[in-house]
There are 2 protein chains.
Amino acid sequence: MRERFLRAARGQRTDRPPVWLMRQAGRYLPEYRELRADHSFREAISTPDVAEEISLQPWERFGVDGVVMYSDILVALEPLGLDYHIESGVGPVVADPIDGPTDVPGSHDPVDDSLDYVGDLLERLTERVGEEAAVIGFAGGPFTLASYAVAGEPSRSHVPVRGFRAAHPAAFDDLLAAFADVVVEFLQYQVEHGADVVQLFDTYAGLLGPEDYEEYVLPVHQRILDAVDVPTIIFVRNMAGRLDQLAASGADVVSLDWTVDIDAAREQLGDLPVQGNLDPSYLLGDPDFVAERTRELIDRAGSSGHILNLGHGVDRRTDPLAVEAFVRTAKSIER
Amino acid sequence: MRERFLRAARGQRTDRPPVWLMRQAGRYLPEYRELRADHSFREAISTPDVAEEISLQPWERFGVDGVVMYSDILVALEPLGLDYHIESGVGPVVADPIDGPTDVPGSHDPVDDSLDYVGDLLERLTERVGEEAAVIGFAGGPFTLASYAVAGEPSRSHVPVRGFRAAHPAAFDDLLAAFADVVVEFLQYQVEHGADVVQLFDTYAGLLGPEDYEEYVLPVHQRILDAVDVPTIIFVRNMAGRLDQLAASGADVVSLDWTVDIDAAREQLGDLPVQGNLDPSYLLGDPDFVAERTRELIDRAGSSGHILNLGHGVDRRTDPLAVEAFVRTAKSIER
């Protein structure tokens with residue numbers, strides 16, 4: 001329910017935790033695989049008819065409280081003229097990676113031109129779900145976008161972009177700023193078109209050491225989140241040792257990966273609402289195991305300011321019955 | 001120098017920090033690439049003549065204080081009858097991955113049979129470097145070995161082994177115990193053949209949540225490290241939020257990845273010696289940048305119980321001049 005989601009995002013008490021899952025629309029769902037058989041990934045996300053149906057699949061099947069738009073963090077590369085495609089078995093590949101300071105883009109196309117299909121999708125979703133669920137928009141964060149743009153393809157430890165920081169510190173700053181400009185415009189555009197809440201996925205920024213994170217990443221997170229007028233959620237992995245840097249972003253909700261101890265997080269973050277943080281691999285266990293672990297997490301997280309979610313996206317090997325057990329456990333709570 | 005290394009490992013004051021680098025013998029060195037042109041990776045590590053020469057290359061070029069045997073964490077799969085090969089562009093591939101509880105190996109071949117080339121190599125290195133450097137042995141940790149054995153190939157978030165834990169908790173425990181048995185025997189064997197110090201690389205175990213780590217990983221680390229009679233070093237990534245779990249392993253030295261703040265680590269770990277933790281991507285910057293950052297780290301780490309190293313292995317894109325700047329900075333210290 002939309003109101004339950006927004007209450008939790010404001011830190012208020014809820015009758016039960018609102019629930020959704022990162023990457024809840026995806027390959028683990030047979031109805032998703034069926035639809036995707038006829039459409040490439042880029043085609044599916046940029047065709048509002050198809051993207052609408054996919055976005056709604058987990059809502060229709062499980063009755064989650066949040067409907068996240070079916071899209072991709074990399075679409076924010078488009079307004080900067082960075083062309084990419086999805087290569088089977090590899091992942092996203094950027095045609096012409098950023099190789100040095102002179103490649104850093106100086107300006108971008110208006111978001112409502114190149115990404116108008118996102119606005120269209122959000123309007124459809126808002127109209128369709130009404131008060132029944134919160135509509136969630138999102139964007140990739142500057143470091144994560146920069147990582148793909150510099151490496152040109154997925155990279156295990158994101159060494160290329162980290163090496164770019166070492167070799168060209170000033171250009172690295174400019175690069176993050178260029179992405180931040182796009183992300184600000186993109187998230188504001190999403191809010192104008194109906195997003196109730198937006199999540200910033202700077203998933204890989206925690207691969208910078210604490211000082212580099214403070215110097216380069218935190219200021220752009222603050223600028224982005226300050227520019228958005230609906231509740232915001234921030235997600236960065238590998239931040240268990242420095243949750244204060246997530247809190248300092250100004251986000252309304254901190255999304256915790258599964259390596260964060262929920263009790264320690266609650267203690268460190270005080271009243272700041274949290275999202276998460278069940279280990280997604282638990283959903284490869286049987287439904288009883290999932291229900292037990294989910295129940296434990298809900299109890300530990302407490303009754304105010306907790307949005308139930310995983311600590312990362314749903315894995316493609318997940319049985320939909322495990323997701324069902326996860327959502328059902330949230331719904332079984334009465335308080 | 002051997003004595004400088006051992007003093008730091010015992011937490012004592014040293015005239016300057018001893019220095020070595022994880023993966024210091026590797027593709028970034030032209031003399032390594034030249035030698036490897038004639039030998040496959042498996043052939044190079046299992047031929048003592050070749051492995052000796054490769055192990056000594058960084059010592060001869062840079063004068064590091066530690067010579068780490070040229071080998072691979074996965075050799076510990078061999079005594080368990082798990083066959084693997086290195087596939088170009090993919091990494092290590094295990095021929096017959098562990099798929100369920102019935103695949104968990106119950107016993108292993110004696111280490112001095114299947115891994116006798118390691119003992120031979122260590123004897124050669126000890127004889128060659130004498131008091132000039134510490135000879136460092138190592139083994140992969142149980143979780144990291146299990147990850148390769150279950151997934152069958154490198155996996156970004158190690159979901160297969162984490163899913164194995166969720167689906168088969170008891171068998172997961174047995175699997176880690178089976179690897180721990182091999183690792184104990186293997187490290188003792190290395191000490192018998194001359195290793196001055198050994199490092200346990202359970203690099204990926206930090207991908208388990210804190211409770212799972214406590215339940216499954218910590219007890220095997222304790223058992224392994226307790227069984228070894230020379231100074232031990234433990235290395236696990238993504239542990240910044242729970243350094244206490246590394247300290248509890250009983251290791252003599254805790255190796256810190258680059259996402260750990262050195263001041264916070266020193267405060268949390270008290271007198272426990274540390275190793276690390278320069279961001280390896282800094283070595284993609286110019287030599288002045290490397291020297292400046294290295295100097296800063298040395299100053300912050302203090303004059304006792306610090307072994308200078310990177311926070312992870314040397315990246316193959318590194319210029320040897322950057323490594324030279326790193327080592328030279330350590331040697332320039334006078335105190």
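The values are calculated or read from the model by the stated rules, or taken from the named source; none is laboratory data. Since this is a predicted model, take the numbers as computed values, not measurements. Methodologically, a virtual Cβ is constructed for each residue, glycine included, from the backbone with ideal geometry; neighbour enumeration extends over all protein chains shown. Accessible surface is based on the protein model in full, side chains and every heavy atom, while ligands, DNA and RNA are left aside. Shrake-Rupley method; radii C 1.70, N 1.55, O 1.52, S 1.80 Å.
Conditions tested, residue by residue: (1) at pLDDT below 95; (2) polar (S, T, N, Q); (3) open to solvent by 30 Å² or more (accessible area, probe 1.4 Å).
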residue	(1), (2), (3)
B:78	yes, no, yes
B:116	no, no, yes
B:124	no, no, yes
B:134	no, no, no
B:147	no, yes, no
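Among all residues of the range B:187-204, there is none that is surrounded by fewer than 21 Cβ atoms within 10 Å (Cβ to Cβ), within 15 Å of the chain's Cα centre (by Cα) and of a type outside the set (Val, Ile, Thr). Here residue B:235 meets each of (1) of a type in the set (A, V, I, L, M, F, W, C); (2) open to solvent by 10 Å² or more (accessible area, probe 1.4 Å); (3) within 30 Å of residue A:161 (Cα to Cα) with one exception, condition (2). In this structure, does residue A:98 turn out to be touching a helix residue (DSSP H, G or I) at 6+ places or on another chain (Cβ under 6 Å) and open to solvent by less than 10 Å² (accessible area, probe 1.4 Å)? Criteria met by residue A:98. For the range A:228-241, the tally of residues that are charged (D, E, K, R) and over 22 Å from residue A:280 (Cα atoms) stands at 1. Of the helices (runs of 4 or more DSSP H) that lie entirely inside the range B:174-292, those containing 2 or more residues that are touching a strand residue (DSSP E or B) at 6+ places or on another chain (Cβ under 8 Å) and either within 14 Å of chain A (Cβ to nearest Cβ) or farther than 25 Å from residue A:261 by Cβ (or both) span B:243-247, B:262-269. Comparison of A:141, A:163 shows that the only residue that is within 23 Å of residue A:20 (Cα to Cα) and touching a helix residue (DSSP H, G or I) at 6+ places or on another chain (Cβ under 7 Å) is A:141. The set of residues from the range A:293-326 being open to solvent by less than 50 Å² (accessible area, probe 1.4 Å), under 26 Å from residue A:239 (Cα atoms) and assigned to a helix (DSSP H, G or I) comprises A:293, A:294, A:297, A:298, A:301, A:323, A:326. From the list B:170, B:251, the lone residue that is surrounded by 17 or more Cβ atoms within 10 Å (Cβ to Cβ) and either under 27 Å from residue B:85 (Cα atoms) or in contact (Cβ under 8 Å) with a residue 24 or more places away in the chain (or both) is B:251. Considered as a group, the residues in the range A:39-76 that are under 25 Å from residue A:98 (Cβ atoms) and among the aliphatic types (A, V, I, L, M) include one that is most open to solvent (accessible area, probe 1.4 Å), and that residue is A:73.
Taking every residue in the range B:196-214 that is free of Cβ contacts under 8 Å to residues at least 12 places away in the same chain and pairing it with any residue that is outside any loop (DSSP other than H, G, I, E, B), at least 6 positions away or on another chain, yields no pair with a Cβ-Cβ distance below 6 Å. Of all positions in the range B:82-92, none carries a residue that is at pLDDT 95 or above and not β-branched (Val, Ile, Thr). Within the range B:114-157, the set of residues being of a type in the set (Lys, Arg) and closer than 30 Å to residue B:219 by Cβ comprises just one member, B:156. Which of the numbered conditions does residue A:12 fail, given that it passes all the others? Conditions: (1) in contact with a helix residue (DSSP H, G or I) (Cβ under 6 Å, 6 or more places away or on another chain); (2) over 30 Å from residue B:155 (Cα atoms). Among (1) in contact with a helix residue (DSSP H, G or I) (Cβ under 6 Å, 6 or more places away or on another chain); (2) over 30 Å from residue B:155 (Cα atoms), the lone unmet condition for residue A:12 is (1).
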